[in-house]
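Contents: one structure, followed by commentary.
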Amino acid sequence: MSRLSVWSVTALSLGALLGWAGPARAYVCTPVTDGNGVPVSPAVSQVWVNRCIPYFINRDADLFSGGDRQLLVEQSFQVWAGNACTDLEFADLGYTDQQPGFDPRASDNENVITSVKDAASVATYFPEANMVAITITAFSTSSGEIFDADIVVNDLGFDFEDVVSQPSCAAENPAPFDLRAILIHEMGHFIGFDHEADVESTMYFSAPACEVKKRTLTDDDIIGVCTVYPKGQAPKTCAPPSVDYDDVSGVQAFRDQCEAKLDGGSCSCTGYGADAPYGLALAMLALLGLRKRR
Ligand SMILES: [Zn+2]
């Protein structure tokens with residue numbers, strides 16, 4: 001029986017990424033890895049089949065408390081979903097008490113956006129102290145289909161704000177990180193994209209304090225979301241699995257998560273299954289900060 005079996009903490013180096021990526025392409029899909037962090041063979045990458053992806057904000061996350069921050073999260077998702085070439089959608093389902101994680105036996109897994117500020121939680125989620133934020137995905141090791149994704153921001157190691165002016169941001173001590181840019185980067189991981197080599201890309205692996213350029217997708221980033229989630233067509237991964245998504249029985253229960261929770265929203269939903277249809281691995285991808293607090 002398939003159970004959640006593996007935590008794969010992936011501290012990817014740029015060299016390793018380029019080595020995996022194979023043919024040159026400007027955007028990079030996150031590989032499906034086994035328990036040792038080794039890409040499965042044949043290479044499969046992570047992708048949502050569900051196009052309407054619901055998310056919650058953790059109620060205790062200081063960084064996301066209040067309507068302004070809830071709106072900031074929504075607007076950040078929209079940077080990816082708002083491109084006309086894609087029909088990817090994100091549904092804000094409000095605040096939750098649920099923590100990041102995925103239990104294939106549970107019927108109420110939620111995609112959670114949160115921040116942590118206590119040392120124990122930071123140590124739980126962040127393998128390294130210079131990680132600004134991290135995205136954790138649970139996915140099928142055979143098809144690459146993402147079942148759950150969570151974003152955790154390191155509110156102990158770094159300061160954050162919705163940067164309005166870079167000069168005034170830079171004058172602060174310690175200088176904060178732009179929460180919006182950080183989120184948009186992590187949301188790229190959330191939908192299956194990996195780090196890429198272009199320093200201008202939203203998906204570049206590191207960021208200095210006050211940097212805002214990751215708020216804006218490069219043309220290559222947009223090509224990525226438009227290629228993987230093209231409007232009206234099935235998802236296409238960088239390295240498509242050898243299965244026909246429509247023929248995979250068992251995973252349907254993980255799809256179309258919105259309607260069950262939106263109670264009649266625009267997406268259809270069958271709810272979650274009682275068991276995972278496949279072995280699952282969890283992978284983490286982080287954004288490295290170049291400046292650590294004090
Ligand atoms: Zn990252």
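Which of the residues belonging to region 112-137 are within 16 Å of the ligand (Cβ to nearest atom), surrounded by 15 or more Cβ atoms within 10 Å (Cβ to Cβ) and part of a loop (DSSP other than H, G, I, E, B)? Across region 112-137, the qualifying residues are 126, 130.
Yes/no per residue for (1) buried (at least 23 other Cβ atoms within 10 Å of the Cβ); (2) in contact with a Cys (Cβ under 8 Å, 6 or more places away or on another chain):
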site: 178; (1), (2): yes, yes
site: 182; (1), (2): yes, no
site: 185; (1), (2): yes, no
site: 201; (1), (2): yes, no
site: 206; (1), (2): no, no
site: 212; (1), (2): no, no
site: 217; (1), (2): no, no
site: 220; (1), (2): no, no
site: 223; (1), (2): no, no
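With respect to the conditions (1) in a helix (DSSP H, G or I); (2) surrounded by 15 or more Cβ atoms within 10 Å (Cβ to Cβ); (3) of a type outside the set (Gly, Ala, Ser); (4) modelled with pLDDT under 90, residue 18 falls short on a single one, namely (2).
For the residues 168, 115, 143, 76, the requirement of being among the hydroxyl-bearing types (Ser, Thr, Tyr) and more than 26 Å from residue 213 (Cβ to Cβ) singles out 143.
In summary, residue 151 fulfils each of the numbered conditions (1) in a strand (DSSP E or B); (2) surrounded by fewer than 16 Cβ atoms within 10 Å (Cβ to Cβ); (3) within 16 Å of the ligand (Cβ to nearest atom) with the single exception of condition (2). Of the helices (runs of 4 or more DSSP H) lying entirely inside region 157-237, those carrying at least 3 residues that are touching an Asp or Glu at 6+ places or on another chain (Cβ under 7 Å) and within 16 Å of the ligand (Cβ to nearest atom) are 179-190.
Report yes if some residue within region 203-214 is closer than 17 Å to residue 78 by Cβ, modelled with pLDDT of 95 or more and out of contact with any strand residue (DSSP E or B) (no Cβ under 8 Å at 6 or more places or on another chain); otherwise report no. Within region 203-214 (the criterion being closer than 17 Å to residue 78 by Cβ, modelled with pLDDT of 95 or more and out of contact with any strand residue (DSSP E or B) (no Cβ under 8 Å at 6 or more places or on another chain)), the answer is no, since none of the residues qualifies.
Could we say that residue 108 is in a loop (DSSP other than H, G, I, E, B), farther than 23 Å from residue 193 by Cα and at pLDDT 95 or above here? No, not satisfied. Reported count of residues in region 28-47, each being assigned to a loop (DSSP other than H, G, I, E, B), over 14 Å from residue 136 (Cα atoms) and at pLDDT 85 or above, is 1.
The values are calculated or read from the model by the stated rules, or taken from the named source; none is laboratory data. The model shown is predicted, which means the values in this text are computed figures rather than measured ones. Heads up, the Cβs are rebuilt from the backbone with ideal geometry, glycines too, and the neighbour counts pull from every protein chain shown.
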